[in-house]
Amino acid sequence: MLVYSNLENISTDALLHTFNASFSDYLVKMQLTKEQLERKLMADSIDLKLSAGAYENGKLVGFILHGINKVGNEKIAYNAGTGVIPAKRGHNLTGKMYRYILPFLEKEGVTKCILEVLEKNLPALKTYKAIGYQLKRELVCFKGIPKITGIKGKRIDIHEIKHIDWQEVTSFWDWTPSWQNSIIAMQNLGEHNKIVGIYLKDKLVAYISYNPLNNRIAQFAVHKSHRRKGYGKALFKYVFNVHKAEMSVINIDIDSSSTITFLGSIGLFPYIYQYEMEKNLRSDVLL
């Protein structure tokens, strides 16, 4: 018999086992170490009390991880991962876990749920639409070994940034980062995330934020008055030269043609397309 509960009392080891089992045959390879899972829980602001679990004979067989944060005037629940072990699929466990957890989210004042789902994951798309999620925007992920050209002879000094003025750099943006790359996520990671930048006359004009463990770029932007000067290329070259490993950039807004063109110009290529979806919480749309 299946029992539904939150994940408040789940051990990290038990969650890790079910997480990796659930994603063992996923469209994109995703197997985490304990350290990586702990960092994900921290970065994504996961609240295990407001996350859902499906248990059979005391064993976790399905889960929904929810990150909770205030964004503007709304309290948002971010689905940082939904998983069901292969043997228990086909029984609408995702829908049943949502049915269990949604009233608790509403009670805590959550007004909106958001998530990302692979465009190719048609069963998940169907499930989320049935739950009441709607498409918000399309996202694309890039990876590859950068091939940086066109900045020879230029001296561009790059400095590590210990304390960045996030309010200032939002003016550099052409689009808003997804939850995993948000300012809150960067603050949650603290020293585990590195930020370097370029200054002109003591004024920041470009920056890049990245995870040195996997060379994943969380954010990068150049001041709108200082573009096409090689600063973006210099930042990517700097990160690559430090670690000499494949780089990735996830969840680029597909409508940002300038960002996509830039990433292609330095040799990165798209490998994942996702939808960002959202659901407004109203009692009349509960399953």
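Points to keep in mind about this one:
- Listed peptides 264-275, 49-60 by packing density, highest first (mean Cβ within 10 Å): 49-60, 264-275
- Pairs of Lys residues in the stretch 107-201, spaced 8 or more positions apart or belonging to different chains, with C-alpha separations under 20 angstrom: 11 in total.
- Net lengthening on full extension, H192/S24 (0.36 nm per residue, minus Cα-Cα): 57.8 nm
- Shape class of the stretch 142-273 from the Cα gyration tensor (axes a ≥ b ≥ c, square roots of the eigenvalues): rounded, since a/c falls below 1.5.
- Within the shell of other residues whose beta carbon sits under 14 angstrom from the beta carbon of V61, the net charge comes to +3, with Lys and Arg scored +1 and Asp and Glu -1.
- The chain: angle of helix 34-43 to the longest principal axis, Cα-based, in degrees nearest 10: 80 degrees
- Whichever aspartates and glutamates have a C-alpha closer than 20 Å to that of K224, once near sequence neighbours (fewer than 8 apart) are set aside: D157, D165, E168, D174, D202, D253, D255
- Radius 12 Å from Cβ of E246, net charge of other residues (Lys, Arg +1; Asp, Glu -1): +3
- When H226, H243 are sorted by how many other C-beta atoms sit within 10 angstrom of their C-beta, beginning with the fewest, the order is H243, H226.
- Cβ-placed point charges (K, R +1; D, E -1), dipole of the chain about Cα centre in debye, nearest 20: 840 debye
- Given charges at Cβ of Lys, Arg, Asp, Glu: the chain dipole, positive-most of I64, Q167, I195: I195
- Cβ-based exposure ranking for Y199, Y133, in which fewest neighbours within 10 Å come first: Y199, Y133
- Order of L48, L115 under a 10 Å beta carbon neighbour criterion, fewest first: L48, L115
- Stretchable slack from K112 to S258, in nm (0.36 nm times residue separation minus alpha-carbon distance): 49.6 nm
Bear in mind these aren't lab numbers, they're just calculated from the coordinates by the rules spelled out. Small disclaimer: the values here were computed from a predicted structure and weren't measured. A quick note on method: Cβ atoms are made from the backbone with ideal geometry, for glycine too, and the neighbour counts reach across all protein chains shown.
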